[in-house]
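Inspection log for the structure reproduced underneath, given as structure tokens.
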Amino acid sequence: MATLSQKTVPDHGPKLTEEEINELKLELGSAWDIKDGKLFRHFDFNNFKESKAFVDKVSVLAEEANHHPDITFSFKYADIVLYTHFRQGLTEADFVLAAKIDGL
């Protein structure tokens, strides 16, 4: 069975149940939190240049996957929020993209 990071980001898919979310969260790991029904992760960097470079890489992944996170970044940090707006909840696509972001 392929790990999350090895999968292709699916095209939306159905909204996940709480049980499915918990299973995928275990596979994803503890670096990601679920806040207000959305996947969230905070990344720390040494300076603005590193933060921006990371955001640029995430942007490329998001475009390739046609699945776009909410990104907030500034000097020394970037926050990523994943949520499938179309489904008004989390889908497998959110977890797969999160795993790919972890691989950067």
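One table, with the values for the structure above:
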quantity: Accessible-area order (highest first, 1.4 angstrom probe) of the listed residues Arg87, Arg41; calculated: Arg87, Arg41
quantity: Formal net charge of residues neighbouring Pro10 (Cβ-Cβ distance under 12 Å; K, R +1; D, E -1); calculated: -1
quantity: Pairs of Lys in region 3-73 closer than 19 Å at Cα, counting only those 8 or more apart or on different chains; calculated: 9
quantity: Relative contact order, percent, region 1-92 [alpha-carbon distance under 8 Å, six or more residues apart]; calculated: 38 percent
quantity: Dipole magnitude of the chain about its Cα centre (Cβ charges: Lys, Arg +1; Asp, Glu -1), debye to nearest 20; calculated: 300 debye
quantity: Solvent exposure ordering (accessible area, 1.4 Å, most first) of His42, His67, His12; calculated: His42, His12, His67
quantity: The chain, accessible surface, carbon-and-sulfur percent (1.4 angstrom probe); calculated: 50 percent
quantity: Under 5 Å, built H, 5+ apart or other chain: amide partners of Tyr77; calculated: Phe45
quantity: Net charge, Phe40 excluded, C-beta distance under 12 Å - Lys, Arg +1, Asp, Glu -1; calculated: -1
quantity: Charged-residue dipole, Cβ positions (Lys, Arg, Asp, Glu), region 4-55 about Cα centre, Debye nearest 20; calculated: 320 debye
quantity: Cα centroid separation, region 3-44 to region 45-89 (Å); calculated: 15 Å
quantity: Net charge over other residues, Cβ less than 9 angstrom from the Cβ of Lys76 (K, R count +1; D, E count -1); calculated: -2
quantity: Spatially proximal aspartates and glutamates relative to Lys76 (Cα-Cα < 18 Å; intrachain offsets below 8 disregarded); calculated: Asp44, Glu50, Asp56, Asp102
quantity: Ranked order, Thr3, Thr91, Thr8 - accessible area, probe 1.4 Å, largest first; calculated: Thr8, Thr3, Thr91
quantity: Prolate/oblate/rounded label for the chain (Cα gyration tensor, a/c 1.5); calculated: prolate
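The values are calculated or read from the model by the stated rules, or taken from the named source; none is laboratory data. Not measured: the values here are computed from a predicted model. All Cβ positions, even for glycine, are placed from backbone atoms using ideal geometry, and neighbour counts span all protein chains on display. We work out accessible area using only protein heavy atoms, side chains counted, and drop any ligands, DNA or RNA first. Shrake-Rupley method; radii C 1.70, N 1.55, O 1.52, S 1.80 Å.
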